[in-house]
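Asker: Structure provided below as structure tokens; questions to follow.
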Amino acid sequence: MEFHEKLQELRKRRGLTQEELAEELYVSRTAISKWESGRGYPSIDSLKEISNYFSVTIDELLSTDKLLSIAEKENRANLRGMCDLLFGLLDVFAIVLIVLPLYPNVVDGFVYSVNLFAYIQTTSLNRSLYWIMIVFLVVIGFIKLILIKLDMQRYNKVATKVSMSISTLSVLLFAITRESYAVAVVFLLLVMKGILLLKCAKV
């Protein structure tokens, strides 16, 4: 007997509706419906809840192979989630380009490093572009973190592509305008995001 049939049988034996079982297991009715129709399997935590609630072992619910498959799938999903989280945090970290003294100000022949708020010895166009790029990166980072929380993978992938594009443009912009410290920071963030993408692709 397959898992979905066993779950259906256990639920009916208790005289429960899908909605009532969902309330007992602290999941949605849609999840119960999905499991009972064979369109998916519960997470390891949900399996433990089902096992405890019906007083059966996990082995009675699922074969060892299927259990291992679920555990591997869950592990991959967790690793991908961690990669996405770090990616989003790196974008938020781009705020250092505003607050750290990365920009040169020449006063009486001496070069002083200042943050973006105090940086005036460049064209207004350059300053505007710096602000736009950095703010976009930080906002994209926060958007990614929200999308991760809401588990919206499709939009998360779009946000990742946008983030990589803005980071690449930022590197080019800072390189063309010869902002050596800023370009080093942006390039480092871009490399770190590239490494994360490669790691995630292997998961």
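Asker: Can you name the residue in region 12-30 that is of a type outside the set (A, V, I, L, M) and touching a residue at least 24 places away in the same chain (Cβ under 8 Å) and, of all such residues, is surrounded by the fewest Cβ atoms within 10 Å (Cβ to Cβ)?
Answerer: Out of the qualifying residues, it is ARG14.
Asker: Moving on to the next point. List the number of the failed condition for TYR41; all other conditions in (1) assigned by TED's automatic domain parsing to the domain that holds LEU198; (2) buried (at least 17 other Cβ atoms within 10 Å of the Cβ); (3) among the aromatic types (Phe, Trp, Tyr) hold.
Answerer: Checking TYR41 against (1) assigned by TED's automatic domain parsing to the domain that holds LEU198; (2) buried (at least 17 other Cβ atoms within 10 Å of the Cβ); (3) among the aromatic types (Phe, Trp, Tyr), the one that fails is (1).
Asker: Suppose we filter VAL185, VAL162 for residues that are assigned to a helix (DSSP H, G or I) and more than 30 Å from ARG76 (Cα to Cα); which single one remains? Before you say what the answer is, go through the steps one by one.
Answerer: Details: VAL162 fails: more than 30 Å from ARG76 (Cα to Cα).
The conditions single out VAL185.
Asker: Let me ask something else. Do we find a residue being under 20 Å from MET82 (Cβ atoms) and not β-branched (Val, Ile, Thr) anywhere in region 114-133? Give the steps one after another, and end with the answer.
Answerer: We begin by selecting, within region 114-133, every residue under 20 Å from MET82 (Cβ atoms); these are none.
For region 114-133, residues under 20 Å from MET82 (Cβ atoms) and not β-branched (Val, Ile, Thr): absent.
Asker: Here's another thing I want to ask about it. Select the helices (runs of 4 or more DSSP H) contained entirely in region 24-111, then report the ones holding at least 2 residues which are at pLDDT below 90 and aliphatic (A, V, I, L, M). So that I can check it myself, show each step before the final result.
Answerer: Details: elements: 29-36, 44-54, 58-61, 64-92, 96-99.
By residue number, 44-54, 58-61, 64-92.
Asker: Could you tell me which residue of region 12-23 is farthest from the chain's Cα centre (by Cα), considering only residues that are part of a loop (DSSP other than H, G, I, E, B) and not basic (Lys, Arg)? Please lay out each step first, then the result.
Answerer: Applying the first criterion (part of a loop (DSSP other than H, G, I, E, B)) to region 12-23 yields 14-17.
Next, from what is left, pick out any that are not basic (Lys, Arg): 15-17.
Working: GLY15: 40, LEU16: 37, THR17: 35 Å.
Looking at the filtered set, the residue picked out is GLY15.
The values are calculated or read from the model by the stated rules, or taken from the named source; none is laboratory data. Source: prediction; values computed, not measured. Cβ atoms come from the backbone with ideal geometry, glycine included; neighbour counts cover every protein chain shown.
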